[in-house]
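Read through the structure below, which is laid out as structure tokens, and then see the notes.
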Amino acid sequence: MTKLDAFAIWAPAESPWSRWAKPVLFAHLDQVGQAEPPAPAEPPEWLETAPDPQAHFVAVLDLPGAEGVTAGLALARRGYRPVPLYNALPRPTPHNPGPTGSAAPRAAVDMTPVLAALRAGSAELGALNLPAGAPPVFLLDSRRGGDGRKLSPGEFDNRSVSLTTDFPSANFLLAHGLTRAFVVKTDTGPESDLAHTLRRWREGGLTLHRPGPPPSHQLEAMPVPRPRWFGAMFQRFLARWNFTRRHGQEGYGDWVPDQAAGG
């Protein structure tokens, strides 16, 4: 399966949600070689209470690394269309070494597990033959902001942010019959960047839900307080903040310059 074949499976032309799918990682699928089928994993506990795809829900999974892909495929088996929103470039390869000549420079966020999961899941997703109108489940990496450490010169900075423009608007969702959102995270609230999207959806007319606490995980309302600097100004600030290094139009990822060299 080629990289283009894989992307066509995750972003089929007939799906109205494919315009938001990010091609960033698919251009680098050959970095993980021929992926083996993923080992069987226990389904997430919240899956039993996830809403039926016919219940007018859009889903958002903000989960770490490959966990988001795995959970997205679990929802795909129930009838949702996974839409990968991964914007971070993977660690460079020996064919594209860092400025120090290292063949494997350290990256702020290791995208290899996500690459492998996307490649390994392509065949299964294609075999599901989801209908064109299947509701979307948007996949984010909750590690996108890095682990908080200060990066050193010569490291690969692929920290990223999620912008409101990475998602369809509330009006677009409502026009496609989606009136509610189901949001799954590993903690209790959205990341500050995702909160802007969810707040816009709520103000646009969608109701927001999340899995409740164990053991029942029954759906409950998801509060999203109005974020500080809510609106376009904050989103532009996030996109240009020097904590994220945009690599042209491809995605987030560039070398941390050597300040002594004036980089």
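Throughout, read-outs are computed from the coordinates displayed, never taken from laboratory work. Source: prediction; values computed, not measured. For neighbour counting, all protein chains shown are included, and Cβ atoms are generated from backbone atoms with ideal geometry for every residue, glycine included.
Some notes on this structure:
- Low-density loop positions, GluC sites (Glu not before Pro), region 1-90 - DSSP coil, at most 12 other Cβ in 10 Å: E14
- Using the average count of surrounding beta-carbon atoms within 10 Å as a protection proxy, the listed peptides 134-145, 202-213, 115-126 rank, highest first, as 134-145, 115-126, 202-213.
- Cβ-defined net charge surrounding A170, 13 Å radius [Lys, Arg +1; Asp, Glu -1]: +3
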